[in-house]
Amino acid sequence: MKKLYIQTYGCQMNQHDSERIVQVLGRLDYQPTDSPEHADLILLNTCSVRDKAEQKVYSALGRWRDLKEEKRGLIIGAGGCVAQQEGELLLRRVPHLDLVFGTHNIHKLPEMVEQVETLGARPIELAFYREPSYMEDPGGKPQVHGPRAFVTIMQGCNNVCSFCIVPYVRGRELSRPSRNIIREIRELTRSGVKEVMLLGQNVNSYGKAGSGELTFPELLTRINGIEGLERIRFTTSHPQDLSPELIEAYATLEKLCEHLHLPVQSGSDSVLHRMRRGYTREAYLEKIYRLRERCPNIALSTDIIAGFAGETEAEFAETLAILHQVEYDEIYSFVYSPRPHTAAVKLYRDDVPQEVKKERLAQVQRLQNEISLRKNRQSVGTVEEILVEGPSKLRRGQITGRTRTNKIVNVMGPTMLSGSLTRVRITGASANSLLGELLKVSAMASTLEAGGIA
Ligand code: SF4
């Protein structure tokens, strides 16, 4: 049995792609290992959303040069977005790299590895496909890790936000046939999965690319009907595709969890215009207002870029203002980093000094920490249902799970509750997570034995 080590960078899409890589290479009898020293095959699944991510790739590959010299026959490969972006250049710059595979070519890995093993070749596969079939089940046993599972429903993006490299490295939008998505979720539910996270660079434009497919709200309605499934989540969305039908789905589909990740990026119309986001601050807020009208307890998260090209103090102040106005439960915030092949790098100078970018990012995070802490404290004393995911990393004897509003809750309790929907009382809060206590362990144990919800 050969050993496979994968190092994954970036988003949940990449994490799920790494699960698919393990699945597809299982056909060549590769089994995952946690240490590169024990591996026969090392793969880097890369992300190129930010400059730092790219640098990490070259330093990781540099670290493995010695391993390659020590271990005869060790194969090293790179995939994901930096591989798609750099292609041949990666093989030229890293002589000890054996193969490069792009974002549409995971299914090609078995034959590429065999080419290295048998011919000593250095294959490279970067093609983009026009049909979604490359996203289908590559054979081998699906990877189920606990009660939650990722399901890719589409890939690529037809938007052209000026700062974003995704359309360049993931291609145009392609949606998987809904029948394949439904079949996959049924199989996962039969394997004990209770919650699915639907993945795509722009999930809420699912089915738009003229495939005669279901719309995203229609797909959600079908998934909501799957027996045994308890919860549905999805990421990532674009505000312009937050349709009235999708808002209505939050009010009507009982399994659709009350959480939406809706990247705003900036609170300033002039910055949104330079970013080519395709909406104004007012239009974005209007959608948030409608959503909260139909689903009052919805939790919201977003992405914020600080220090975009030309961002003035006044424009930045509007970003802080929108954080005050919306009061997100959580944000992901970054400094602007120019990416190759994007419109912004061609049109605008990266003229906000690094220290100003960092100071603005710190202001955003300070403000959001206050908001998250205050909102989390409001849930102390309330009772929440969590899906127990397993042992907590924080403390022995503690288990961890998520509320329907995507809040992490840690409670003292038996790991046998993993995979169960459990009611807890919230007893404490920090900006990033909650503390809770199990409502009644004894009654719970008997309910569980009877296979019910505790
Ligand atoms: S919608 Fe998202 S993935 Fe698409 S170009 Fe804009 S930022 Fe990138």
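The values are calculated or read from the model by the stated rules, or taken from the named source; none is laboratory data. As the structure is a prediction and not an experimental result, all values here were calculated from the model. Positions of Cβ are generated from backbone atoms using ideal geometry, with glycine treated the same way; all protein chains shown enter the neighbour counts. Protein only, heavy atoms only, side chains kept; ligands, DNA and RNA dropped before computing areas. Shrake-Rupley method; radii C 1.70, N 1.55, O 1.52, S 1.80 Å.
Quick look at the numbers
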item: Accessible surface of Tyr328 - all protein chains present, 1.4 Å probe, nearest 10 Å²; result: 0
item: Segment 279-377, Cα convex hull volume normalised per residue, Å³; result: 106
item: Label-to-label distance, nm, for residues given as Arg292 and Leu367 (7 Å Cα→Cβ offset); result: 1.5
item: Where His16, His38 fall by accessible area, highest first, once all protein chains stay in place (1.4 Å); result: His38, His16
item: Largest-first ellipsoid semi-axes for the chain, taking √(5λ) over the Cα gyration tensor eigenvalues, angstrom; result: 34, 30, 22
item: Added length on full extension, which subtracts the Cα-Cα distance from 0.36 nm per residue, Arg377 to Glu69; result: 105.5 nm
item: By accessible area with a 1.4 Å probe, ligands and nucleic acids excluded, highest first: order of Glu258, Glu37; result: Glu37, Glu258
item: Percent RCO, i.e. relative contact order, over segment 383-449, from Cα pairs under 8 Å lying at least 6 residues apart; result: 30
item: Cα gyration tensor of segment 216-350 - equivalent ellipsoid semi-axes, whole Å, descending; result: 31, 16, 12
item: Prolate/oblate/rounded call for segment 2-125, Cα gyration tensor, a/c under 1.5 rounded; result: rounded
item: Gyration tensor verdict on segment 383-449 (Cα atoms; rounded if a/c is under 1.5, prolate if a/b is larger than b/c, oblate otherwise); result: prolate
item: Relative contact order of the chain, defined on C-alpha pairs under 8 angstrom at six or more residues apart (%); result: 10
item: Probe 1.4 Å - accessible area at Arg65, Å² to nearest ten; result: 110
item: Of Lys2/Lys71; Lys287/Lys358; Lys52/Lys287; Lys2/Lys56; Lys52/Lys108, those spanning more than 24 Å from alpha-carbon to alpha-carbon; result: Lys287/Lys358; Lys52/Lys287; Lys2/Lys56; Lys52/Lys108
item: Net +/- balance of residues flanking Lys375 in space, Cβ distance below 11 Å, scoring K and R +1, D and E -1; result: -1
item: J(HN,Hα) series, segment 11-16, from Karplus relation 6.51 cos²θ - 1.76 cosθ + 1.60, nearest Hz, glycine and proline x; result: 7, 5, 4, 5, 4, 6
item: Debye intensity ratio in log₁₀ form over the Cα atoms of segment 132-377, taken at each q of 0.11, 0.13 Å⁻¹; result: -0.63, -0.87
item: Among Leu198, Gly428, Ala78 - extreme Cα towards positive end, dipole of the chain, charges at beta-carbon; result: Gly428
item: Computed over segment 1-60: relative contact order in percent, which uses C-alpha pairs under 8 Å that are six or more apart; result: 47
item: Listed residue (Ala39, Gly278, Met416) projecting farthest to the positive dipole end of the chain, Cβ model; result: Met416
item: Computed helical MRE - 222 nm, the chain, DSSP H runs ≥ 4 contributing -39500 (n - 2.57), nearest 500; result: -11000 deg cm²/dmol
item: Lys, Arg +1 and Asp, Glu -1 on Cβ, resulting dipole of segment 2-125 about Cα centre, debye, nearest 20; result: 200
item: About the Cα centre, charge dipole magnitude for the chain (Lys/Arg +1, Asp/Glu -1 at Cβ), debye; result: 460
item: Listed residues Val380, Val22, Val82 arranged by accessible area, highest first, probe 1.4 Å; result: Val380, Val22, Val82
item: Global form of segment 202-269, assessed from the alpha-carbon gyration tensor, a/c cut-off 1.5; result: oblate
item: Per-residue ³J(HN,Hα) for segment 91-106, Karplus 6.51 cos²θ - 1.76 cosθ + 1.60, θ = phi - 60°, Hz, x for Gly and Pro; result: 5, 5, 6, 10, x, 8, 8, 9, 8, 9, 10, x, 5, 9, 10, 4
